[in-house]
Structures are given as structure tokens and as C-alpha cells.
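Everything on this sheet refers to the single structure shown next.
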Amino acid sequence: MSRDPRTGAATAGPPATAPAELSALLAAAARDAHEIAATAPAVRAAWLTAVADALVEHTDELTALAEAETALGTDRLRGEVGRAAAQSRFYGSVAVEGGWLGVRIDGPATTGSVELRRINRPLGPVAVFGAGNFPFAFGVAGHDTASALAAGCPVLVKAHPAHPLLSARLGVLVSAALRGAGAPAGAFALVTGFDTGLALVDAPEVAAVAFTGSQSGGTALVERAASRPVPVPVFAEMGTVNPAVLTPAAAADRAGLTAAADGFTGSFTLGQGQFCTKPGLLLAPAGSGAAEAVAAALKGVRPGWLLTEGIAEAYRRGVADLLAAGAERVATVAPSEEGFAAAPTVLSAPARALRPGSRLLAECFGPVALVVEYDGTAGLREALDTLQPSLAASVISCGPADPDLPWLVERLAGRTGRVVVDGWPTGVATSWAQQHGGPWPATSRPDATSVGAGALDRFTRPVAYQNVPRAALPEALRDGNPWHVVRRLDGVPVAAAPAGTGAGA
């Protein structure tokens, strides 16, 4: 069922995938997995370019569908379509560069007796559970799908219930684009339905699971995948309370405090607070007036709607739970009276209320944030020790010479996947150096990222070939470097040879 967040009105959605159809789709993915893995990265990049072109070509149609089911705003959604297209092209370029393959060739002079050739091989079919809050960037054609295809894995995506009609249309477009570019039929499929998603995780054909969503949902998938006869990895990006720290030197500057309050408010209310990177907690010096400054900034925020009725109810319950746990309401914005409306809210709490296990340290998905005042460096260190690990953390300083900046960056780096200085964590660049992950409970795998070049690594495993004849080796390991990827020969990095040169051992 499709729902309009602004009114709650319901429209019939696509039917759940029948068990027989799911079995056929899984069989096709398994059948074509070897061919997809053996396809040159440049060809897979062409597949992803075709997907990107299809997204761009249908931007208006996709934006309208997404707006009707998410109420996230046409400008935001239109930009997200373009972002998803750029992501697809980026992952194709990562595949072509080839560093993710980790090709290493050691001859007898290095090993002492044998020849070893090592490479990262694709795992096989990947089940993708996309996010509701980013219907394009983390949806059917989002990061997980594009990076898995780039790594040479078939993909089966489970449609998100927050935007079923959009998911169905994206499934058609992606399938057609891949077929038109020459990809095997089993390279991609879309399935629908809660029970279908569970069956997907249980399916023996599935070699890995990628998930973006709530901690409860991610944990359930991790446990289910671990209970299979043959367990498979689950790369779950779940999100937590991402902290922001205002240093004493930064808070002492009144103009800087106002700018920090404005930035914090804009970040925690962006997209109605429906970002996994939302900064949900601001630690500020005692007596700084940070809570009042954030409350003043909140007056300029326009209320909106949350994605689903369930999220809206959980948000209202979450704010009530935070108040019951010792927080105080500083300011709120009256919500709309219709649909899945949310009231943007700022709360405050004393530092002593931050205790391990407190509801104040758990995520509340939506436009709410907590301001906590700390008493000196010792108080700040104590507060930081109580926090859960997170996807990202921010430090707002008075500049590079801020005396608290070095130790704060080091402390936060031990508990988060990305440290931001004098900025806010909402907005994740798709690039070679990006890390979008973190220690549990931010993600199920702290060694992985769901955004950036490292995203391909999730869907591979290393294999070493010892004294294997050249004709029996995977193509990327053969002499002449036929895939033109970066390699390490006897421990020495060797740049990729340009296509057509025939260079490289």
C-alpha cells in the first residue's frame, strides 16, 4: 500500500512477490553470477552508466512519484535523482580502476619457492534492503545496488514499503537499462513484500545482505542471516545519535555561538531529521546559552511530514520518552494537523543525566535534538565516555589553533566512522576517501563503508592461486594485465597499463 505522508491517503501498491517468482529470480541470479563476475570492469561500468542515463532521462517522472510517497520536496528529490546517477557512474569508475581487486603477484624470488597470485573475488548474489529516507541515493538504484554490481555481484533488491510505487518503477527502469546494455538477465531483480524479504535473507543463493535502516531492523537481519545453515555477512548501516561538540573557545565568541546554533539546527532538522547522520546531541560548555541559541534558530524552521505513519508515531513516542528520561523541552514548532506530521523540537538535559543505557543516548528518528551542557574539560570527557559509537561526529572550534581540537578529534575517531571539524555530518560525499560506517550499533560491520570506493570491498573475498597455470587463472591475474587494473608485483605497486598497450606482467 502506498501512502501520502501529507494526508495519510492510501493507494494500492504492487502485490507481494510470489514464492515461485522469487525462486525463479534467485535461480537466475545464481545462474548468471559467474558470468557477471568474469565480465570486465569496463563492461560493468557501461552497465552502470546505462542505469545512470535512465535515471536522468526519467527525472521528472521519478521526482513526482517520490514526492507523492515521501513528501521530501521536489527540489531535494530532483537533486537526489542526479546524485544517484552520479553515484552509479562513480562506482563504475572504481570498478575500472581495479584497486578493489587487490591483485598481488609474487614470484618464487619473493616467496622462496612458489608463485602466488591473489585477488578479491565477488561473493555472488547480494540481497539489498534500501532506505526509506533516501529513495534514490540509498534505494533501488542506490549505493548498495551500484557498488555490488560494480564488484561483479548480481543484486536482488527488496522494495521499501515507504515508497512502493516508486520502487516498482525504478525496478522496471533499472532492469531495462541493464538489459539494453547487455547485462545478463540475472544481474538485477526487484522483489516486494515483508515475507519475501525474509525469504530472500534465508535463500541459499544469497551470499551477502546490505541494509540501510533502523537498528531494530538491521539487528533482526543480522541475527537471521547468522542462523542460516550457512551464515552470510550482513552489512547493516543503522545509525545512532551522532554527537557534536562545541568547544569552550568556540562558545566564547557570541557570533560563533549563533552561527553554530544555526548550523546545528539546520542539520538536525534537514529532511525533517530523517538522516542517519543527523547530529542528535550537542555538547556545549555550561553557561554558554547554547540551548537558548538553538531554540532561537528553531523559530525559522518550517515543520513537515515524516515518511510513514509508523515513523511519525515512533517520533512522538520517542520525544515523550526523552522527556521522561530527564530531558526538558526548550522549544518546539507546531506541526501540521494532517498526515504524518512532526513537530521540530529542541530539548536540554544536565550532563549527569547521560548514563550508559539512558534513553537520552538512543536515537530518536526525526527533527529532535538534545543540548547538554558540560562543566569543563573533565566534564566533557566524562560525557563523551557515555556515548554510543556513531556514524559521524562533529567538533565546532574557534579554528585550527583551538587547544581542545587535537584531543577531541582523537577521542571521537575512536568511537565513530567520520570526524567533521567546523561542519555538520548531514551530507555524505561519494568519493574515494569516504567512510560511511562505524562501530556497533552504528553498523553491523565497523570495517565496512556503504558509501565511497570502499563500498565494493563488502561484496568480495580474497583467494590466492598457487602455481596455477596461466590459462586457469582469473583474467585479471593473467600476464599482460588484460583488465588494465592496478597491481602489486613482488610487493611493488604497478600502475595500470593503458588499454591497448599490452604492458604489465
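Values in this text are rule-based calculations from the coordinates and carry no lab data. Being a predicted model, the structure only gives us computed values, none of them experimental. Cβ coordinates were reconstructed from backbone atoms using ideal geometry, including for glycine residues, and neighbour counts include every protein chain displayed.
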* To do: Compute the Kirkwood hydrodynamic radius of region 390-463, taking the inverse of the mean of 1/r over all pairs of distinct Cα atoms, and give it in Å to one decimal.
  => 13.3
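Could you sort 145-153, 445-453 so that the peptide with the highest average Cβ count within 10 Å comes first and the rest follow in order?
Sorting 145-153, 445-453 by mean packing, highest first, produces 145-153, 445-453.
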* Quote the relative contact order of the chain in percent (integer), defining contacts as alpha-carbon pairs under 8 Å separated by 6+ residues. => 18
* Magnitude of the Cβ-charge dipole of the chain, K/R +1 and D/E -1, about the Cα centre, nearest 20 debye? -> 740
* Asked: How many nm is it between the label spots at Thr7 and Ser336, if each spot is 7 Å from the Cα in line with the beta carbon?
  -> 1.1
* **Sum of -39500 (n - 2.57) over DSSP H runs of 4+, divided by residues of the chain (222 nm, nearest 500)** => -11500 deg cm²/dmol
* In whole angstrom, how far apart do the alpha carbon centroids of region 12-41 and region 301-354 sit? -> 41
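Evaluate E = 1/(1 + (r/R0)^6) for Val409 and Thr111, where r is the Cβ-Cβ distance and R0 equals 56 Å; express this FRET efficiency to the nearest 0.05.
For Val409 and Thr111, the calculated efficiency is 0.85.
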* Post the alpha-carbon centroid distance, region 384-461 to region 47-62, in whole angstrom. => 31
* At 0.890 mPa s and 25 °C, Stokes diffusion of region 242-421 via Kirkwood alpha-carbon radius, µm² per second -> 152
* Descending principal axes extents, region 358-505, alpha-carbon based, whole Å -> 67, 35, 27
* Added length on full extension, which subtracts the Cα-Cα distance from 0.36 nm per residue, Ala378 to Ala16 -> 124.8 nm
* For His34, His163, His58, what ranking results if the residue with the fewest other Cβ atoms within 10 Å of its Cβ goes first? -> His34, His58, His163
* Asked: Treating the beta-carbon of each Lys and Arg as +1 and of each Asp and Glu as -1, no other charges, what is the dipole magnitude of region 32-107 about its Cα centre, to the nearest 20 debye?
  -> 320
* Asked: Over the C-alpha atoms of the chain, what are the Rg and the largest Cα-to-Cα span, Dmax, in Å?
  -> 24.1, 76
* Size of the dipole of region 242-421 about the Cα centre, Lys and Arg at +1 and Asp and Glu at -1 on the beta carbon, nothing else charged, in debye to 20? -> 160
